[in-house]
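Read the structure below first, then the notes.
The values are calculated or read from the model by the stated rules, or taken from the named source; none is laboratory data. Not measured: the values here are computed from a predicted model. All Cβ positions, glycine included, derive from the backbone under ideal geometry; neighbour counts span all protein chains shown. In case anyone asks, the SASA skips ligands and DNA or RNA and just uses the protein heavy atoms, side chains included. Shrake-Rupley method; radii C 1.70, N 1.55, O 1.52, S 1.80 Å.
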Amino acid sequence: MDLEKLLTDRLAPAFEKVAGLPVDPVVRRSQRADFQSDAALALARRLGRPPRSIAAEVLDRAELGDLCAVAEVSGPGFLNLTVADRALGGLVAALATDPRLGVPVAAEPETVVVDYSGPNVAKEMHVGHLRSTVIGDAAARLLAWLGHRVVRANHLGDWGTPFGMLIEHLADLGEAEAAQELSMGDLDAFYKAARAKFDADEAFRERSRQRVVALQGGDEATLRLWRLLVEQSERYFLAVYELLDVTLTARDFQGESSYNDLLAPVVADLDRAGLLRESDGAACVFPPGFAGRDGEPLPLIVRKSDGGYGYPATDLAAIRHRTGSLGATRLLYVVGLPQRRHFELVYAAAAQAGWLVPPARAEHVGFGSILGPDGRMLRSRSGESVKLVALLEEAVARATALARERNPDLGEAEAAEVGRAVGIGAIKYADLSSDRHKDYVLDWERMLSLDGNTAPYLQYAYSRIRSIFRRAGTAARPDAAVSLVEPAERALAIELLGFSGVVAEVARSLDFHQLAAYLYRLAAAFSAFYERCPVLRAGGELRESRLLLCDLTARVLRQGLYLLGIRTPERL
């Protein structure tokens with residue numbers, strides 16, 4: 001039901017007949033008509049013909065009579081296409097009866113692993129975890145809705161040398177006192193106290209080193225203390241996820257420790273495959289095509305010179321497990337852009353080892369940073385990273401105050417519910433509506449504005465539609481005939497029919513700002529429709545048609561915002 005796809009499907013065979021080879025018609029929205037194709041211009045040099053002549057022949061061969069009211073050659077060789085009102089109305093009517101809003105379930109569902117969030121045990125989540133968590137959760141929601149089997153992988157930092165220090169500090173405090181301190185949620189204070197003792201006390205440093213040996217050797221008493229650290233940290237993480245309204249659960253925790261027993265076999269497999277080379281005492285893989293600034297081959301260190309394993313070994317073990325045991329064919333790593341080279345090396349090494357071969361592929365879903373108003377990395381007044389909980393609580397507090405100011409009739413509970421939906425929605429949308437490859441500035445005033453490309457604007461559009469039906473006292477008739485009388489109705493209908501195409505593209509690219517931009521265009525089109533086309537004052541079939549357009553808009557807004565992880569309150 002995507003108009004661009006329908007027109008593309010009609011034009012593509014005609015272009016192929018004219019050109020003698022497959023041609024993308026490159027159908028886009030246009031200000032001069034509903035849609036435009038400029039493919040004839042690109043073909044002119046190849047065919048040695050004027051582009052207008054090519055465009056005219058394509059029109060002669062294309063079957064557009066039942067779809068377009070006007071199809072004409074314009075300018076140097078553009079094809080301008082205006083969809084017939086009757087065809088447009090029929091497509092919208094069909095969309096209204098489709099519970100999936102024109103978006104089909106994937107024809108060939110895949111097992112997709114989405115690796116995201118990834119906080120460290122005994123450390124609080126800070127603003128740097130926001131983008132991975134929000135982008136990863138949107139990817140998981142979208143791909144699951146399309147019918148893929150989605151495995152959410154929350155790769156916790158729960159292993160390694162710092163845990164000797166942390167466990168020893170826990171032992172000094174006593175399990176009961178440590179558990180109480182950790183349950184308060186101030187993980188940073190616990191970590192800083194352990195670090196201060198490690199830096200100042202040689203005896204504590206030595207005991208910490210011994211704890212690492214005991215931990216890695218499977219000492220049960222040390223493992224019990226380690227589990228206490230992990231469990232208390234996981235409780236805190238889950239509280240953050242509940243506030244942020246993401247779909248991660250306790251089942252999705254996959255700590256680095258879970259791969260510990262797989263590290264030696266991974267190195268052994270690499271050795272058997274002839275991929276390991278020694279470099280300064282470390283066992284390394286040198287994937288082809290990677291070089292450092294000095295031009296020397298770039299190593300991926302899988303076993304350090306002291307016999308320990310670093311992140312590359314764990315990441316390779318994870319890939320082997322995910323493609324082998326889980327049967328995943330699409331691996332998504334939602335991690336900041338600075339880690340791009342690391343993951344490129346890991347993917348290349350995994351491909352050499354035979355663990356990442358078609359149809360399996362891995363993608364680094366990279367993202368930029370969140371900046372403060374000064375254009376620098378967002379920091380607290382003390383200069384430290386902003387705690388994620390503090391950021392979320394401030395968003396909810398600001399949104400709740402605005403909700404009470406805007407609608408004094410809201411009860412206390414409803415104001416709190418609206419404040420949470422709007423505040424958390426504003427945080428998520430500010431992130432997802434930005435091109436993930438770029439940095440963006442956290443601007444409270446813009447984020448919480450009811451005007452412009454913001455979550456509150458979209459949520460308000462949805463709630464305004466719901467208020468229409470509360471006043472109407474009836475629901476839309478899904479079988480109502482669609483009558484497009486005004487230009488604003490046509491514009492809204494065309495936007496509604498674009499949902500499936502946008503979803504398909506975002507599922508491929510994971511550029512969620514494209515979905516956000518679509519929802520904003522849809523809400524703006526509805527606003528223009530609402531101002532120019534009376535709904536409840538219209539009579540008979542026109543009223544039913546406009547109610548159906550309202551209902552369909554609300555459904556698309558709700559589904560689109562759900563895919564972004566944003567709630568849609570009935571009232572604002």
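Things worth noting here:
- Of everything in region 1-44 that is crowded, with 16+ Cβ neighbours inside 10 Å, charged (D, E, K, R) and within 17 Å of residue 74 (Cβ to Cβ), the residue that is nearest to the chain's Cα centre (by Cα) is 34.
- The condition (being more than 30 Å from residue 364 (Cβ to Cβ) and without any contact (Cβ under 8 Å) to a residue 24 or more places away in the chain) is satisfied by just one residue among 528, 524, 554, 493: 524.
- Unique match (being more than 19 Å from residue 457 (Cα to Cα), in contact with a Phe, Trp or Tyr (Cβ under 9 Å, 6 or more places away or on another chain) and not aliphatic (A, V, I, L, M)) among 546, 508, 537: 546
- Hey, residue 66 modelled with pLDDT of 95 or more and surrounded by fewer than 17 Cβ atoms within 10 Å (Cβ to Cβ) or not: no
- Candidates are the residues of region 132-164 that are of a type in the set (Val, Ile, Thr) and in a helix (DSSP H, G or I); the one that is farthest from residue 100 (Cα to Cα) is 133.
- Only one entry of 81, 95 meets the criterion of being more than 29 Å from residue 242 (Cα to Cα), touching a Cys at 6+ places or on another chain (Cβ under 6 Å) and buried (at least 20 other Cβ atoms within 10 Å of the Cβ), and that entry is 81.
- Residue 518 vs. criteria aromatic (Phe, Trp, Tyr), open to solvent by 10 Å² or more (accessible area, probe 1.4 Å) and either closer than 30 Å to residue 395 by Cα or part of a loop (DSSP other than H, G, I, E, B) (or both): no
- Selection of region 421-441 for residues being in a loop (DSSP other than H, G, I, E, B) and touching a strand residue (DSSP E or B) at 6+ places or on another chain (Cβ under 7 Å) yields 434, 439.
- Where a residue in region 61-72 is in a strand (DSSP E or B) and its partner, wherever it lies, is among the hydroxyl-bearing types (Ser, Thr, Tyr), with Cβ under 8 Å and at least six apart: 68/82; 69/82; 70/82; 71/82
- No other residue among 160, 164, 128, 118 is among the small types (Gly, Ala, Ser), out of contact with any strand residue (DSSP E or B) (no Cβ under 9 Å at 6 or more places or on another chain) and touching a residue at least 60 places away in the same chain (Cβ under 8 Å) apart from 160.
- When we screen 160, 164 for residues that are at pLDDT below 90 and touching a helix residue (DSSP H, G or I) at 6+ places or on another chain (Cβ under 9 Å), the only hit is 160.
- Qualifying residue in region 331-341 (condition: part of a loop (DSSP other than H, G, I, E, B), in contact (Cβ under 8 Å) with a residue 40 or more places away in the chain, open to solvent by 20 Å² or more (accessible area, probe 1.4 Å) and closer than 14 Å to residue 436 by Cα): yes
- Single residue of 192, 123 found to be of a type in the set (Lys, Arg), within 17 Å of residue 255 (Cβ to Cβ) and either in a helix (DSSP H, G or I) or in contact (Cβ under 8 Å) with a residue 40 or more places away in the chain (or both): 123
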